[in-house]
Amino acid sequence: MGEMGNTEAATVTNKQIIFPDYVSGFPKESDLKITTNTVDLRLPEGSKSVLVKNLYLSCDPYMRICMGKPDPLTSSLVPPYNTGEPIVGLGVSKVIDSGHPDYKKGDLLWGLVGWEEYTVITLTPYSHFKIHHTDVPLSYYTGLLGMPGMTAYAGFYEICSPKKGETVFVSAASGAVGQLVGQFAKLMGCYVVGSVGSKEKVDLLKTKFGFDDAFNYKEEQDLNAALKRCFPEGIDIYFENVGGKMLDAVLINMKLHGRIAVCGMISQYNLEDPEGVHNLATILYKRIKLQGFGVFDFYDKYYNFLDFVLPYIREGKITYIEDIAEGLESGPAALLGLFHGKNFGKQLFVVARE
């Protein structure tokens, strides 16, 4: 079976980031614990699992939802973490030993792994994807070529049905997903504006990602007025990453038959009582389509997405900014920084480079 039966049965230490207990409010670094156990570098005889060494681990806003107490509402989208176990996220890994016919030693893959140096994974449909293209940075498979890239692609093209010349607004526009939605919209010939949380990020959107305009929401006294300034004729498409007051202001600035893809609501994840949205009647008056989605609903289109995006990357027509922290110990601070806007682009951290 694959690489079974190799003779070097070495046991090595395995540093892990453990999730001790459920979190309410803003998580703190003390809510994650670093421990060490050991792992056998050879799978037991007859195992169908795959043992991987983790190279890059991804920090994503949805992970905050997994830290909350188990809730039937949220677990229909993302399962809660198990207390006392390593937190689980998306990562890029290398196969060390395999009892699965699709993987052999040395293969690279991306998918769900523990926040640890080595993980034994059980493959389920679309839980992992083999990496075939290594002429692009491997770290891209935590972002541009992984879940966030697929999220931007599915949400923008499948849910928003964009047309050339339409107006597009993206919140959290410099993050892992937002920076791509803006660039996809420009490739379609749309007019694109993004909101971000600092002057540096505004500059990034305009100079690096080619957005037509951008604003720092923290400096706007009135979000409605900011949107009217940027979209005097109204918004055709809103790619929603934040929720709350921003969604409220967007609703009254949407055009007739506007489309809103709800990808995330990061402004709400740490609140005990979610903020209300007052302008919902606009959905009726303007016949707005408002649709939430989970990226895994679209994973069957992953290889179509790669065929679409890889040529743009190779031609330099898509730019991707990453914020890379060094070492497993940097994981907790890197993840929690997302909720304070500390990341500049896609947040990830390196566990090992090979």
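The values are calculated or read from the model by the stated rules, or taken from the named source; none is laboratory data. The structure presented is a predicted model; accordingly, all values stated were derived computationally and were not measured. Neighbour counts are summed over all protein chains in view; Cβ atoms, including those assigned to glycine, are modelled from backbone coordinates with ideal geometry. For the accessible areas, the whole protein counts, side chains as well, though only heavy atoms, and no ligand, DNA or RNA atoms are used. Shrake-Rupley method; radii C 1.70, N 1.55, O 1.52, S 1.80 Å.
Of (1) -0.41; (2) -0.31; (3) -0.25, which is the value of log10 I(q)/I(0) by the Debye sum over Cα atoms at q = 0.07 Å⁻¹ derived from the coordinates here? Read-out from the structure maps to (2). The stretch 9-61 and the stretch 305-354 have Cα centres separated by 20 Å. Accessible area per residue for the chain is 44 Å², calculated with a 1.4 Å probe on protein heavy atoms, without ligands, DNA or RNA.
Can you tell me the 0 to 90 degree angle between the C-alpha axis of helix 302-314 and the longest principal axis of the chain, rounded to 10? Taking the Cα atoms of the chain, the angle to 302-314 is about 80 degrees.
To the nearest 0.05, what FRET efficiency results for residue 124 and residue 342 with a Förster distance of 41 Å applied to their C-beta separation? Result of the calculation: an efficiency of 0.80. Extension gain for residue 225 to residue 45 (0.36 nm times residue separation, less C-alpha to C-alpha distance): 58.3 nm.
Beta bridges from DSSP with both residues in the chain: antiparallel share about 60 percent, rounded to the nearest 5. Placing unit charges on each Cβ (+1 for Lys and Arg, -1 for Asp and Glu) gives the stretch 1-130 a dipole about its Cα centre, and among 37, 11, 95 the Cα reaching farthest toward its positive end belongs to 95.
Using a cutoff of 8 angstrom between alpha carbon atoms and counting only pairs six or more residues apart, the relative contact order for the stretch 95-211 works out to 17 percent.
Positive end of the dipole of the chain (Cβ unit charges, origin at the Cα centre): among 192, 126, 83, the Cα lying farthest that way belongs to 192.
The long axis of helix 178-187 is offset from the longest Cα principal axis of the chain by roughly 60 degrees. Note on residue 216/residue 71: beta-carbon distance plugged into 1/(1 + (r/R0)^6) with R0 of 25 Å gives a FRET efficiency of 0.15. For residue 199, the lysines whose Cα falls under 18 Å of its own Cα, not counting residues fewer than eight places away in the same chain, are 208, 218, 342, 346. Simple spin-label estimate for residue 296 and residue 281 gives 3.9 nm between the two label positions (7 Å along the Cα-to-Cβ direction from each Cα). In the chain, Cα pairs under 8 Å separated by at least six residues give a relative contact order of 17 percent. In this simple spin-label approximation, residue 310 and residue 245 carry label points 7 Å from Cα along the Cα→Cβ vector, and these lie 4.5 nm apart.
With a simple spin-label model that places each label point 7 Å from the Cα along the Cα-to-Cβ direction, the separation between residue 28 and residue 208 comes to 3.2 nm. The apolar share of the surface of the stretch 19-163, taken as the fraction of accessible area on carbon and sulfur atoms (1.4 Å probe, ligands and nucleic acids excluded), comes to 55 percent. Each Lys and Arg adds +1 at its Cβ and each Asp and Glu adds -1 at its Cβ; summed about the Cα centre, the chain shows a dipole of about 880 debye. Among 38-48, 316-326, the peptide with the highest mean count of other Cβ atoms within 10 Å heads the list, and the full ranking is 316-326, 38-48.
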